[in-house]
Amino acid sequence: MNLSLKEAGIRVDGRWLVRDVSLDLSPGRVQAVVGPNGAGKSTVLRLLAGLWKPTSGSVEMDGVQLPTMRRRAVARRVAFVPQDTHVGFAFRVREIVAMGRHPHVGRFESPGRHDSAAVDSAMDRADVRHLADRLASQLSGGERQRVLIARCLATEADFLLLDEPTANLDIDHALDTFRLLKALAAEGKAVAVALHDLNAVVRWADRVTVLNAGRLEASGPVVDVLSDHLLRAVFNVGVERLLAAAEGTALVFHPLDSAS
Amino acid sequence: MSSARTAAPAGPLAPHAQRRRRVAFFLGASLCLVLAAVAGVSIGSTSIHWQSVLRILAAEILPAWVFSPEASSEVERVIVLQIRLPRVIVGGLAGAALAVAGAQLQGVFRNPLAESSVIGASQGAALGAVIAFVTHLAARSALWIPLCAFTGAFGALFLVYLISSRGGRTPVATLLLAGIALGAFLSAAASLLISLSFVDWQVAAEIVFWMMGGLDNRTWTHVWISLPFVAVGVVASLWLARDLDLLLLGEETSASLGVQVERVKAVVLWTAAVLTGAAVAVSGVVGFAGLVVPHAIRLVLGPAHRVLLPASAISGACFLMICDLLARTVRDSGEVRLGIVTAAFGAPFFLYLLRSRRKEVGGI
């Protein structure tokens with residue numbers, strides 16, 4: 001079970017959004033994608049989700065080119081949580097989560113027992129069961145984010161791609177989310193998250209891919225990749241490492257000009 | 001977490017209560033439809049008792065060995081079967097078509113203000129019909145107006161697509177802007193033709209009346225012209241009900257859940273053009289039905305399309321039948337144009353719903 005980018009690039013209106021990026025998602029791992037704003041993190045996730053076609057290189061799932069697969073077949077295996085959490089009309093939370101079953105339910109079929117069980121279990125795991133009958137439009141940003149994570153779980157996909165899933169969450173729910181992603185990886189899912197919080201990467205991710213201006217800067221196990229030198233070069237920050245006994249290393253950043 | 005439960009008593013309904021509300025709605029709406037149809041056939045310049053109406057209809061539909069009534073008057077038979085029944089049916093078809101088209105477009109555009117005019121289809125259909133009038137084709141055969149209206153609706157959508165598509169993708173924002181701009185252009189063209197046609201007062205008056213919508217002198221021909229298109233359009237819209245739900249979450253999200261976004265969008269827009277063409281072809285320009293009906297239903301039953309679309313079809317039919325009944329009965333001499341009634345009757349009702357159920361509108 002494997003989803004990978006092979007030297008993939010995408011060009012829109014003559015400009016390369018990302019170029020020559022290789023990335024490999026395997027079960028059991030949390031893969032972080034980091035980089036400054038505009039580095040191409042979301043683009044890489046969209047390529048992996050099959051939402052955009054690569055202009056060069058390829059995206060493959062278990063050896064099959066993703067763009068040749070049917071949309072529904074991809075959606076059964078790859079779940080994607082975008083950054084935009086806007087919900088237009090007044091759907092209830094349960095209805096939103098149940099939409100995660102769309103790729104499994106035929107056009108004129110009604111959802112079966114397994115579908116509603118998957119929806120219930122997804123709502124439990126994302127801690128939104130108590131919101132089931134609320135209108136999604138009346139939720140707080142954090143609650144909505146967790147509803148979208150629940151929808152992603154309801155697909156029962158093997159590959160979970162999340163774009164900044166903790167951006168709207170308070171620290172408590174952010175930690176819950178990371179713990180959940182870690183647990184899902186331990187159960188055999190392959191997880192990829194685009195993140196800004198490098199401390200979260202250090203603490204929760206197994207591997208990290210660093211992008212800079214659409215190019216692959218470095219990729220590998222977190223401890224090897226996030227060196228002082230790389231952080232300085234890519235993010236333009238100095239770094240100190242604090243050793244917090246229980247939680248491992250904590251990074252503290254400071255602007256380069258004040259450090260020098 | 002119990003505070004979260006108690007915090008929102010107004011909007012949410014438990015699933016079983018929601019189901020009960022849906023069943024009650026469909027039963028009520030179907031009953032209304034039947035009542036409106038019977039009232040539409042029996043009330044008019046010559047009043048016919050509703051029992052006679054039912055007797056005439058039963059004699060027509062049921063085989064003689066099931067039901068053979070005493071002969072009713074031939075005049076009443078002609079009024080019921082040849083004049084009022086086709087008119088009521090055409091009204092129902094047009095109302096259903098406009099409401100379903102509006103509901104679909106509001107879904108695709110993720111905008112509760114969308115209806116057939118935002119893709120230029122209704123203006124295109126109107127221009128087509130105006131051309132049929134000014135070229136005197138309309139006077140030659142009743143088929144010309146529907147034909148030209150259809151051509152106009154399709155032509156308009158084709159142009160809007162041509163303008164807003166790029167590299168196989170059609171962004172809805174561009175589509176909306178192109179549709180509104182082209183709609184304005186087509187309206188202007190129609191107005192120009194009307195103003196030029198004023199040399200012939202008779203034709204001009206006919207066009208202006210037609211532009212205000214109306215169901216006068218509708219025959220079975222009009223029923224058979226619109227029925228197949230409305231049927232195809234409504235079935236196609238139901239086919240895509242779940243995809244439309246997902247589109248409300250945004251195109252990217254729905255694509256990631258397996259929806260073929262561009263294909264669904266294209267089918268929905270062409271379906272809306274078919275429905276709009278079918279409605280305008282037989283009822284003229286009737287505003288507001290496509291906007292107010294789906295919106296009102298959404299306030300009552302929620303946004304899920306597998307419920308919203310059939311409910312809109314039934315309610316749209318009912319709405320237009322009642323409006324037409326008002327249009328031909330509020331004044332003693334002559335009819336008020338249908339488009340005037342739909343707006344005058346629909347807008348206050350809509351505003352009432354908006355005020356009284358504001359809490360449930362929530363994210364709209």
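The values are calculated or read from the model by the stated rules, or taken from the named source; none is laboratory data. Keep in mind that this is a model prediction, so the values were computed, not measured. Using ideal geometry, Cβ is built from the backbone for each residue, glycine included, and neighbour counts are taken over all protein chains shown.
Restricting the search to the stretch A:73-108, which residues are without any contact (Cβ under 8 Å) to a residue 12 or more places away in the chain and of a type in the set (K, R)? Once the filter is applied, which keeps residues that are without any contact (Cβ under 8 Å) to a residue 12 or more places away in the chain and of a type in the set (K, R), the stretch A:73-108 yields only A:R107.
Working only within the stretch A:83-115, note down all residues that are more than 8 Å from every other protein chain (Cβ to nearest Cβ), outside any loop (DSSP other than H, G, I, E, B) and either surrounded by 14 or more Cβ atoms within 10 Å (Cβ to Cβ) or at positive phi (or both). Of everything in the stretch A:83-115, those that are more than 8 Å from every other protein chain (Cβ to nearest Cβ), outside any loop (DSSP other than H, G, I, E, B) and either surrounded by 14 or more Cβ atoms within 10 Å (Cβ to Cβ) or at positive phi (or both) turn out to be A:V93, A:V97, A:A98, A:R101, A:H104, A:D115. Among the residues of the stretch B:239-260, those identified as within 14 Å of B:R110 (Cα to Cα), facing chain A (nearest Cβ under 9 Å), more than 25 Å from the chain's Cα centre (by Cα) and not small (G, A, S) are B:L249, B:E252, B:T253.
I'd like to know if the stretch B:178-195 contains one or more residues that are surrounded by fewer than 24 Cβ atoms within 10 Å (Cβ to Cβ), over 22 Å from B:A132 (Cβ atoms) and within 14 Å of another protein chain (Cβ to nearest Cβ). No, the conditions are met nowhere in the stretch B:178-195.
In the set (1) within 14 Å of chain B (Cβ to nearest Cβ); (2) within 23 Å of A:P111 (Cβ to Cβ), A:L184 fails one condition alone, (1). Just checking: which of the helices (runs of 4 or more DSSP H) contained wholly in the stretch B:227-332 hold 3 or more residues that are among the charged types (D, E, K, R) and at pLDDT below 95? Answer list for the stretch B:227-332: B:241-247, B:261-283, B:305-329.
The criterion of being within 14 Å of chain A (Cβ to nearest Cβ) and surrounded by fewer than 22 Cβ atoms within 10 Å (Cβ to Cβ) holds for B:V307. Screening A:F80 with (1) of a type outside the set (K, R); (2) in contact with a strand residue (DSSP E or B) (Cβ under 9 Å, 6 or more places away or on another chain); (3) assigned to a helix (DSSP H, G or I) gives one miss only, at (3). Among the residues making up the stretch B:173-203, those that are out of contact with any Ser or Thr (no Cβ under 8 Å at 6 or more places or on another chain), in contact (Cβ under 8 Å) with a residue 24 or more places away in the chain and farther than 30 Å from B:A266 by Cβ are B:L193, B:I194, B:L196, B:S197. Evaluate the stretch B:279-290: report whether one residue or more is within 9 Å of another protein chain (Cβ to nearest Cβ) and either within 30 Å of B:F345 (Cα to Cα) or in contact (Cβ under 8 Å) with a residue 40 or more places away in the chain (or both). There is no residue in the stretch B:279-290 that is within 9 Å of another protein chain (Cβ to nearest Cβ) and either within 30 Å of B:F345 (Cα to Cα) or in contact (Cβ under 8 Å) with a residue 40 or more places away in the chain (or both). When A:G188 is tested against (1) surrounded by 13 or more Cβ atoms within 10 Å (Cβ to Cβ); (2) under 21 Å from the mean Cα position of the chain (by Cα), just one condition goes unmet, and that condition is (1). Of the residues making up the stretch A:48-72, just one is without any contact (Cβ under 8 Å) to a residue 12 or more places away in the chain and within 14 Å of chain B (Cβ to nearest Cβ), namely A:R70. The helices (runs of 4 or more DSSP H) found wholly in the stretch B:96-196 and carrying at least 3 residues that are under 24 Å from B:G233 (Cα atoms) and aromatic (F, W, Y) occupy B:144-164. One residue stands out among those in the stretch B:26-47 that are touching a residue at least 60 places away in the same chain (Cβ under 8 Å) and under 19 Å from the mean Cα position of the chain (by Cα): the one that is farthest from B:I89 (Cα to Cα), which is B:F26.
Residue check: A:G57 meets all listed conditions (1) under 29 Å from B:L238 (Cβ atoms); (2) out of contact with any Cys (no Cβ under 6 Å at 6 or more places or on another chain) but one, namely (1).
Out of the stretch B:129-169, which residues are β-branched (V, I, T) and surrounded by fewer than 21 Cβ atoms within 10 Å (Cβ to Cβ)? Of everything in the stretch B:129-169, those that are β-branched (V, I, T) and surrounded by fewer than 21 Cβ atoms within 10 Å (Cβ to Cβ) turn out to be B:I131, B:V134, B:T135, B:T151, B:I163.
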